[in-house]
Amino acid sequence: MQEQMKVIHHEHGQTTLKLRADGIVEVLGAGMNYDLEATKEIHQAIKTLTANKPSPILINTEKFTLVDAETREYLSTDEANAHATSKAFVISSLPQKLLLNFLIKFQKPNCPTRFFADKDSAIQWLYELKENDQK
């Protein structure tokens, strides 16, 4: 599989999406607050990159990247997770950890979702899930 890339420009920053050669979609988030409109735009871009094939998603956030309440609620819906087989968030701040912990425990996304402090651990987890799905 050949890598593909797409950059989305938002009002307060940009998001880079990359379909990696291993089939993982990597999302590089800008240090901004994402609202529902920006989040849906990213999900549409992921669907385009993957030709609507559900894929593992690696979300790399900068220190000041956050989402608003409406977006957090959306992130646990079927619509928001239809394009994902799993989601691994690489986080770098305590507020991100608290928000994702709340999302995972109380809003319960319908695909496996975890957060990590480093990218390598996140990728390893996505590979493990991918291997288990193929068995």
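Every read-out reported here was derived from the displayed coordinates using simple, explicitly stated rules and does not represent laboratory data. The structure presented is a predicted model; accordingly, all values stated were derived computationally and were not measured. Every residue, glycine as well, gets a Cβ built from its backbone with ideal geometry; the counts of neighbours run over all protein chains shown.
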Original post:
If contacts are Cα pairs under 8 angstrom and at least 6 residues apart, what is the relative contact order of the stretch 26-135 in percent?
Top reply: 28
**OP:** Convert each backbone phi in the stretch 56-66 into a coupling constant with the Karplus relation 6.51 cos²θ - 1.76 cosθ + 1.60 (shift: θ = phi - 60°), then list the ³J(HN,Hα) values in order as whole Hz, x for Gly and Pro.
**Re:** x, 10, 10, 10, 9, 10, 7, 3, 9, 7, 9
**OP:** Would you list, by chain and number, the lysines whose Cα falls below 19 Å from the Cα of residue 108, excluding same-chain residues fewer than 8 positions away?
**Re:** 40, 87, 97
Subject >> Lys/Arg +1, Asp/Glu -1 at C-beta; the chain dipole; positive extreme among 64, 132, 49 >> reply: 132
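How long is the gain from residue 68 to residue 98 if the chain were fully straight, where each residue apart is worth 0.36 nm and the alpha carbon distance is subtracted?
Net length gain for the segment: 9.5 nm.
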Subject >> Net charge of Cβ neighbours under 13 Å - reference residue 115; Lys, Arg +1; Asp, Glu -1 >> reply: +4
Subject >> Spacing of the two label points (7 Å from each Cα toward its C-beta) at residue 108 and residue 52, in nm >> reply: 2.9
Original post:
Can you give the extra length, in nm with one decimal, that the chain gains between residue 44 and residue 120 once fully stretched, where that is 0.36 nm per residue apart less the Cα-Cα distance?
Top reply: 24.8 nm
